[in-house]
Amino acid sequence: MHSETLSLEPIVPAYRLRILSDEQLEQLKSATLEILEKTGIHCPSEKALNIFAEHGAQVDADNKHPFESRIVKLPPDVVLDSLSHAPRYYTMGARSPAHDLKLDGTAFYCATDGCGTKTIDFETRKLRPSVKDDVAKMARVADYLSSIGFYWPMVSAQDYPATAPLHELDASFNNTVKHVQTETVVDEITARYAVEMAKVIAGDETTMRQRPPLSSLICNIAPLAQDKGGLEAALVFAEAGVPVGFMSMANTGSTAPATIAGTIAVADAEMVSAMVLLQMAYPGAPTYHSMMPGVMHPRTGAYLCSSSIVYAVGVELAHMWGVPTLAGTFGGDAPQPGSWKVGEGAGAMLCALCGAETGSGMGLQKGSTVLYPEGLVLDAGIYHDIRENLAGLDLSQEELALDVIEAVGPRGHFLKHRHTRRNMRKLGYSELTAQPTPEGGYRDPIEVAREKTDWILENHHPEPLNEAQQAEFKRILQAAEQELG
C-alpha cells in the first residue's frame, strides 16, 4: 500500500525586496563582462573549447599552440547574444504532475541539501559513512514534507563507489514522486545513463522536454575555471532538454578576492561563462544560476558560509542575466541540529523576498556534510515559519472581525464566540515547538523531530515505480556497472 504525497506548499511572498539598485546591477554586470573579456576562464574540455571557438570566443589568442593554455575569453557581445536565448521561465517536472514546479516567478520552492558523506545512523545514532539506503529513506521523508519542493540526494551512496550517482537517482526516483535534481553526475558517461533514467520516468521525448523529471547542478572550479567532466555532462543534459544549472562556491580570501564585491564578480563570471557555452551549443536549453560562495576563516583557513545577503544578490544577478536561480538557503555551519533555529531562516527569507524560484540547503549539518535524520523535519519547521510570515496580512471582514469585537465588547471574552472556534483552527501552529509535557513544560523540539521522522518512515510509502520502470532502471544500472565498475 502506498500513501498519497501531500500537496506542495511553496513560499509565495506577498511583497518583494530589492537589494541592489539598477546602477549597482549594471556595475556588477560590467565587472563580469570585463573579467570574461580580459582575464578569461580556464576550460579543460576539448569539446567545450571547440564550441566556444566556433561561436566567437577567443581561445588561445596567439594561435601558435591551439588550445594549449585552454583560456577562453568572451567578448561582451558574444556573452549577451548567447544568453538572450536562455529561457527565463520553464517547468521542472515531477513523476506526479501535481508536483511539477512552474518556475514562473510567483513561487519559491526549496530542496533538500546534498551531497553529504556521513550519516547519524537512524537506529544506533552512531556516525558512519552514508549508503544508498540513507538516500532512499530521506527521499521518503522529503516526499512527505510539504515544504520540500524537490529532492537532492542528501548523502552519497558509498556502497556503490563506481556508480554512486546513478544509484542515488535510483533511490530517489523510487522513493519520491517529486522532481529530482542531481549534483553528483559530473561526467559525460554517467550523464548519458542519467538521461536514460529520466526518460524512463518521463515516458516519452515530448514529456521529457516539457516536464523534465530530472535537473542537474554543476559546480564551477574557483577561481575562474570549469571542470572538464562537469561541462561535458552539462552538454549531454542540455541536448536532452534536462535543465542544467551552474554553481560557484568561490571562497572569499582564498579562491576569490578578500572583498564581498570581488567574490561576487568572480563567482558570477564563472557561472555566466558556463551558461554561455550551453546556449552556444543548444540555444534555448533551460539553465539556471546558483551563487553560493563561502568565506575563508582567517585563522584556520576553514570554510564558512557567506552572509545571507550575498545569496540574495545572486538571485538578482540571475534575473538580470535572464535565467532562474537556485538560491543558497538553510545550509549552515552548525555541528548538530541543537542550534537549528539560529539564523538559518535569514537566507531563505531574503532570497524569497528577492524573487528566487528555487533554493536548496535543507537538512544537513557541518557545512552540508553530515546527515542527522531529524534535521530535515527541523528545517521544515523554519520553512513554514517563513512561508506564513511572507504570505502577507489578510484584512478581510472575517479577519478584522469588527462585528465580533462589537459583540464581545469591553472586558468581554472571545473564547466562547463561534468566530474563535472557527478561526483558531486556521492559525499556523508548529508541530515542533510548544509541545506540552504532562508536567506542564514543553518538549525538546529535537526529540519531537526524531519521533516525527520515525513516524514518516514507518507510515509514508510513496507510489512506487511500476514494474516496467523498475526493470529498465535495473538494466541501466547493470550496464553502467559493466562500463564504469
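The values are calculated or read from the model by the stated rules, or taken from the named source; none is laboratory data. Quick caveat: nothing in here was measured; it's all calculated off a predicted structure. All Cβ positions, glycine included, derive from the backbone under ideal geometry; neighbour counts span all protein chains shown.
Checking the conditions here, which among 251, 174, 220 is in the same structural domain as residue 374 (by TED's automatic domain parsing), modelled with pLDDT under 95 and not charged (D, E, K, R)? Let's see the steps before the verdict.
On the way: 174 fails: modelled with pLDDT under 95; 220 fails: modelled with pLDDT under 95.
Answer to the selection: 251.
Does residue 465 qualify as being assigned to a loop (DSSP other than H, G, I, E, B), modelled with pLDDT of 95 or more and among the aliphatic types (A, V, I, L, M)?
yes
Go through the residues of segment 442-450 one by one and say whether even a single one is more than 30 Å from the chain's Cα centre (by Cα), surrounded by 10 or more Cβ atoms within 10 Å (Cβ to Cβ) and not in a helix (DSSP H, G or I).
Yes: one or more hits.
From the set of residues in segment 286-311 that are in contact with a strand residue (DSSP E or B) (Cβ under 7 Å, 6 or more places away or on another chain) and of a type in the set (Gly, Ala, Ser), which is modelled with the highest pLDDT?
Only one residue fits best here, namely 290.
Looking at residue 175 and the list (1) under 24 Å from residue 290 (Cα atoms); (2) not in a helix (DSSP H, G or I), which single condition is not satisfied?
For residue 175, the exception is condition (1).
Take the residues of segment 312-338 that are more than 17 Å from the chain's Cα centre (by Cα) and not hydrophobic (A, V, I, L, M, F, W, C): which is modelled with the lowest pLDDT?
At the first step, the residues of segment 312-338 found to be more than 17 Å from the chain's Cα centre (by Cα) are 320-322, 333-338.
Filter once more, keeping what is not hydrophobic (A, V, I, L, M, F, W, C): 322, 333, 335-338.
Values: 322: 98, 333: 62, 335: 66, 336: 68, 337: 69, 338: 56.
Out of the qualifying residues, it is 338.
Would you confirm whether any residue within segment 415-424 is of a type in the set (A, V, I, L, M, F, W, C) and more than 30 Å from residue 177 (Cβ to Cβ)? Show your work before the answer.
Within segment 415-424, the subset of a type in the set (A, V, I, L, M, F, W, C) is 415, 424.
Of the ones still in play, those that are also more than 30 Å from residue 177 (Cβ to Cβ) are 415, 424.
Yes, segment 415-424 has at least one match.
I'd like the full set of residues that are in a loop (DSSP other than H, G, I, E, B), more than 38 Å from the chain's Cα centre (by Cα) and surrounded by 14 or more Cβ atoms within 10 Å (Cβ to Cβ), limited to segment 358-412.
Once the filter is applied, which keeps residues that are in a loop (DSSP other than H, G, I, E, B), more than 38 Å from the chain's Cα centre (by Cα) and surrounded by 14 or more Cβ atoms within 10 Å (Cβ to Cβ), segment 358-412 yields only 401.
Residues being crowded, with 20+ Cβ neighbours inside 10 Å and either over 17 Å from residue 225 (Cα atoms) or among the acidic types (Asp, Glu) (or both): count how many of those fall in segment 251-269.
So the count comes out to 1.
Every residue, every condition in (1) without any contact (Cβ under 8 Å) to a residue 60 or more places away in the chain; (2) within 18 Å of the chain's Cα centre (by Cα); (3) surrounded by 22 or more Cβ atoms within 10 Å (Cβ to Cβ); (4) at positive phi, yes or no:
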{"site": "239", "(1), (2), (3), (4)": "yes, no, no, no"}
{"site": "242", "(1), (2), (3), (4)": "yes, yes, yes, no"}
{"site": "249", "(1), (2), (3), (4)": "yes, yes, no, no"}
{"site": "271", "(1), (2), (3), (4)": "yes, yes, yes, no"}
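Right, residue 194: closer than 30 Å to residue 319 by Cα and buried (at least 24 other Cβ atoms within 10 Å of the Cβ) or not?
Yes.
Quick test of your reading of the structure: residue 235 fulfils all but one of (1) surrounded by fewer than 24 Cβ atoms within 10 Å (Cβ to Cβ); (2) under 27 Å from residue 90 (Cα atoms); (3) touching a Gly at 6+ places or on another chain (Cβ under 6 Å). Name the failing condition by number.
Every listed condition holds for residue 235 apart from (3).
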